[in-house]
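Here is the structure we will look at.
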Amino acid sequence: MRYRDRAHAGRELAAALGRLRDEGALPDPIVLALPRGGVAVAAEVARELPAPLDVLVVRKIGAPHHEEFGVGAIAGDDPPLLDPATLARLDLSEDALAPVVERERQELRRRERRYRQGRPPPELRGRT
């Protein structure tokens, strides 16, 4: 096994990114983690750079009646990103997925509130 755990993987990634930072290739960095497993990795990176750490909450859009089969995803308030080829193969429309998208968006917002504990999302414009 290459990494002992997620923290070890984060330290390895942080070392590689530290070299880029030293070369000036990472101006004004911010580290975004995918909860839950990505936070341990990202925390090591944020500590090394040093850079602020926040979460990027995303939710899979599962096929109706087969929730584990992903046909798209959502993040923030952006429109869903759906796989047109998969929708065509399953004969699914965006309208048919609207209830699934709404349910996942509610869960996404709940998780954002919990993870951020009242903090607003970070401003990403101009950040690396």
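The values are calculated or read from the model by the stated rules, or taken from the named source; none is laboratory data. Quantities reported herein were computed from a predicted structural model and do not represent experimental measurements. Glycine gets a Cβ as well: all are built from the backbone with ideal geometry, and neighbour counts include every protein chain shown. Ligands, DNA and RNA are excluded from the accessible area calculation, which covers all protein heavy atoms including side chains. Shrake-Rupley method; radii C 1.70, N 1.55, O 1.52, S 1.80 Å.
What residue, of A51, A98, A42, A88, is without any contact (Cβ under 8 Å) to a residue 40 or more places away in the chain and in contact with a Leu (Cβ under 7 Å, 6 or more places away or on another chain)?
Result: A42 is the single residue among A51, A98, A42, A88 that is without any contact (Cβ under 8 Å) to a residue 40 or more places away in the chain and in contact with a Leu (Cβ under 7 Å, 6 or more places away or on another chain).
Would you confirm whether or not the range 70-83 contains a residue that is over 20 Å from the mean Cα position of the chain (by Cα) and more than 21 Å from L20 (Cβ to Cβ)?
The answer is no; no qualifying residue exists.
Kindly indicate the residue of the range 3-61 that is charged (D, E, K, R), outside any helix (DSSP H, G or I) and open to solvent by 30 Å² or more (accessible area, probe 1.4 Å) and also farthest from V100 (Cα to Cα) among those meeting that condition.
The selected residue is E23.
Could you check A73 against (1) out of contact with any Phe, Trp or Tyr (no Cβ under 7 Å at 6 or more places or on another chain); (2) surrounded by 13 or more Cβ atoms within 10 Å (Cβ to Cβ); (3) touching a residue at least 24 places away in the same chain (Cβ under 8 Å) and say which number it fails?
(3)
Taking the condition of being of a type in the set (D, E) and within 15 Å of the chain's Cα centre (by Cα), how many residues in the range 84-122 meet it?
Number of matching residues: 3.
Across the range 87-128, what is the total count of residues that are open to solvent by 70 Å² or more (accessible area, probe 1.4 Å), in a helix (DSSP H, G or I) and among the small types (G, A, S)?
Of the residues in that region, 1 qualify.
Go through I74, I61 for me and flag whichever is within 19 Å of R116 (Cα to Cα) and modelled with pLDDT of 95 or more.
Going through I74, I61 in turn, just one is within 19 Å of R116 (Cα to Cα) and modelled with pLDDT of 95 or more: I74.
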